[in-house]
Amino acid sequence: MSETKKLFVKTYGCQMNVYDSQRMQDVLAPLGYQPVDDPKGADMVILNTCHIREKASEKVFSDLGRIRKHKKAKEANGKDRMIVAVAGCVAQAEGAELMRREPMVDMVFGPQTYHRLPEMVARANRAIGRDRIIDTDFPAEEKFDHLPEQVSRQGFSAFLAIQEGCDKFCTFCVVPYTRGAEYSRPGMDVINEARQLVAKGTREITLLGQNVNAYHGAGPTGGEWSLGRLLRELSDIDGLDRIRYTTSHPRDVDDDLIAAHRDLPKLMPFLHLPVQAGSDRVLQAMNRKHDGAGYRDIVAKLKDACPDLALSSDFIVGFPGESDKDFEDTMQMVRDITFIQAFSFKYSPRPGTPASAMELQVPEPVKTERIMRLQALLAEQQLEFNRNCLGREMDVLLERFGKLDGQLVGKSPYMQPVHVSGLPETALGQIVRLKIIEALPNSLGGELVDTPVQKRDSERNVA
Ligand code: SAH
Ligand code: SF4
Ligand code: F3S
């Protein structure tokens with residue numbers, strides 16, 4: 001057993017990064033690295049970064065300023081060492097420049113190379129001939145094949161990456177450049193990881209991919225599994241009670257997936273299906289590969305299959321060339337579809353993407369005015385949905401302690417946080433049926449109506 005070392009990992013960006021950070025910890029555990037909550041005094045610091053918008057990238061540089069002080073303090077005695085590593089999408093996009101600009105960074109590696117961490121750490125720790133390391137390859141070997149087969153224990157709700165990378169090339173987006181080409185993990189690898197998680201206490205799994213419904217993993221007996229097929233197989237795992245997937249692309253919603261929403265009670269009736277904009281002109285300039293009518297059509301089919309399905313979305317306002325009329329089309333789309341939750345962003349020009357070079361960039365004040373209007377409408381829809389939950393009964397997976405004494409917090413089928421008081425600590429990890437008695441903009445309050453459901457959440461009662 002190696003000597004224990006302290007590892008501090010900070011995660012920015014999307015759920016895929018959360019998953020990657022967890023796997024980095026799995027890779028480093030055999031070398032003696034144990035996670036800690038504070039960078040102060042750590043033997044290794046990893047910033048797992050996001051490049052999606054300008055603000056996300058800038059955050060990394062300001063955090064590095066703070067880390068520099070901790071590194072100086074730790075290394076002041078001339079003996080101790082703090083390895084500072086920048087990982088993730090900023091590392092991939094700007095690795096070389098980052099190394100030049102920040103001499104105290106010891107290591108830079110992209111999202112596809114962290115299985116090589118043990119070797120990188122050994123090189124960075126050498127007493128003589130110590131290297132600064134940069135590894136932003138898209139290696140020929142598949143990362144997933146080289147990660148430890150064992151995953152560490154996760155929460156009652158866990159992420160599982162099944163697909164990574166993107167071949168869609170939306171004109172605003174850096175992801176195809178930072179994550180590389182689409183890759184789907186073999187079906188049985190996913191099933192095995194899910195079984196391990198469930199054996200360690202997980203009850204809800206969210207399948208992850210940049211384009212998760214483009215999933216087409218190798219099946220065990222030849223051929224390929226679609227996401228629909230994978231969901232059916234996962235659904236057979238005893239003790240796994242809830243399944244979700246994110247992020248899906250409207251272009252890749254096929255009949256099989258729609259049927260899964262009809263057939264699988266474990267598949268939660270909440271779907272993040274980003275539309276980005278409501279105007280056909282803008283959707284085309286974004287290279288989203290569908291128009292407004294196409295999106296409406298998919299939503300109608302999904303709701304046909306699963307009438308209690310609710311949706312969330314991402315929106316970009318102020319895409320180059322977006323006129324007042326285009327923006328009104330987005331507002332109309334929101335009014336027509338209704339989203340119970342959403343993320344909306346001002347368009348941020350990203351280096352190397354086609355949209356950043358487009359003419360007719362929208363002035364900042366116009367973006368601000370539009371995003372405020374859009375967010376007001378979305379907040380209204382979210383509150384209305386929450387209010388409509390009053391009096392309903394919902395199955396809630398209790399996950400953590402609340403802010404108040406004796407309070408527990410869980411998630412509804414629709415991902416709403418629900419708090420409840422008066423239940424014992426042992427109720428954590430259980431799915432309980434709660435009657436909703438309080439509705440706030442971002443959460444609900446409930447009271448127990450039944451004894452805890454131990455095994456299954458097979459009945460949705462929130463139609
Ligand atoms: N794969 C997902 C999106 C991943 S990025 C999909 O296809 O929907 C998450 C969100 O960030 C996007 O949905 C988009 O709304 C937003 N985003 C991406 N690039 C952006 C940019 N340059 N400016 C503003 N928002 C952006
Ligand atoms: Fe980015 Fe578009 Fe790919 Fe989503 S589908 S990751 S928005 S390029
Ligand atoms: Fe950000 Fe990379 Fe995810 S750019 S959103 S961390 S894929």
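Data table
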| item | result |
| --- | --- |
| Share, in percent, of DSSP beta bridges within the chain that are antiparallel, nearest 5 | 35 |
| Heavy-atom accessible area ranking, 1.4 Å probe, most first, across LYS71, LYS79 | LYS79, LYS71 |
| Listed residues SER421, SER279 arranged by accessible area, highest first, probe 1.4 Å | SER421, SER279 |
| The chain - mean residue ellipticity at 222 nm from DSSP helices (-39,500 (n - 2.57) per run, n ≥ 4, rounded to 500) | -10500 deg cm²/dmol |
| Set of aspartates and glutamates with alpha-carbon distance to LYS72 below 18 Å, sequence-local pairs under 8 removed | ASP38, ASP43, ASP63, ASP80, GLU102, ASP106 |
| In sequence order, calculated HN-Hα J values of segment 159-170 (Karplus, 6.51, -1.76, 1.60; Hz; x Gly/Pro) | 9, 9, 7, 10, 8, 8, x, 8, 10, 7, 6, 4 |
| Additional length obtainable on full extension of the chain from LEU360 to ILE437, 0.36 nm per residue less Cα span | 22.8 nm |
| At most 11 other Cβ within 10 Å, DSSP loop - GluC sites (Glu not before Pro), segment 293-394 | GLU359 |
| Under-5 Å amide H pairs with PHE343, H placed in peptide plane, nonlocal only | SER313, ASP314, PHE315 |
| From the C-alpha gyration tensor of segment 5-135, square roots of 5λ in Å | 20, 17, 15 |
| Unsatisfied cross-links (Cα-Cα over 29 Å) in the set LYS6/LYS200; LYS74/LYS403; LYS200/LYS403; LYS71/LYS403 | LYS74/LYS403; LYS71/LYS403 |
| Largest-first ellipsoid semi-axes for segment 393-459, taking √(5λ) over the Cα gyration tensor eigenvalues, angstrom | 16, 14, 10 |
| Residues whose placed amide H lies under 5 Å from that of GLY217, excluding near-sequence neighbours | TRP225 |
| Contour minus Cα-Cα distance for GLN407 and GLN332 (0.36 nm per residue) | 23.0 nm |
| ASP252 - accessible surface, heavy atoms, 1.4 Å probe, Å² rounded to 10 | 40 |
| Rg(Cα)/(2.2 N^0.38 Å) for the chain, N = residue count | 1.01 |
| Computed FRET value (nearest 0.05) for ARG153 with THR221, which takes r as the C-beta separation and R₀ as 41 Å | 0.85 |
| Label-point separation in nm, GLU97 to GLN15, each point 7 Å along Cα→Cβ | 3.1 |
| Per the chain, cysteines lacking a partner by the 4.7 Å Cβ criterion | CYS14, CYS50, CYS89, CYS166, CYS306, CYS389 |
| Accessible-area value, LYS168, 1.4 Å probe, nucleic acids and ligands omitted, Å² | 20 |
| With DNA, RNA and ligands ignored, accessible area of MET372 (1.4 Å probe; Å², nearest 10) | 130 |
| Which of ARG81, ARG370, ARG251 is most accessible, then next, and so on - probe 1.4 Å | ARG251, ARG81, ARG370 |
| Spacing of the two label points (7 Å from each Cα toward its C-beta) at ASN77 and GLU142, in nm | 4.6 |
| Sequence-distant lysines (8 or more away, or on other chains) whose Cα lies within less than 25 Å of LYS289 | LYS168, LYS301, LYS303, LYS325, LYS346, LYS367 |
| Karplus (6.51, -1.76, 1.60) ³J(HN,Hα), θ = phi - 60°, over segment 97-107, in Hz, Gly and Pro reported as x | 5, 4, 4, 5, 6, 10, x, 7, 6, 8, 8 |
| Cα convex hull of segment 149-268, projected area averaged across orientations, nm² | 7.7 |
| LYS5 long-range amide H proximity, modeled H, under 5 Å | TYR33, GLN34 |
| Under the Karplus curve 6.51 cos²θ - 1.76 cosθ + 1.60, θ = phi - 60°, whole-Hz ³J(HN,Hα) for segment 189-199, x wherever Gly or Pro sits | 4, 5, 4, 5, 5, 5, 4, 4, 4, 5, 4 |
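The values are calculated or read from the model by the stated rules, or taken from the named source; none is laboratory data. None of these values were measured; they are calculated from a predicted model. No Cβ is skipped: glycine too gets one built from the backbone with ideal geometry, and neighbour counts run over all protein chains shown. All accessible areas refer to the heavy atoms of the entire protein, side chains included, with ligands and DNA or RNA removed. Shrake-Rupley method; radii C 1.70, N 1.55, O 1.52, S 1.80 Å.
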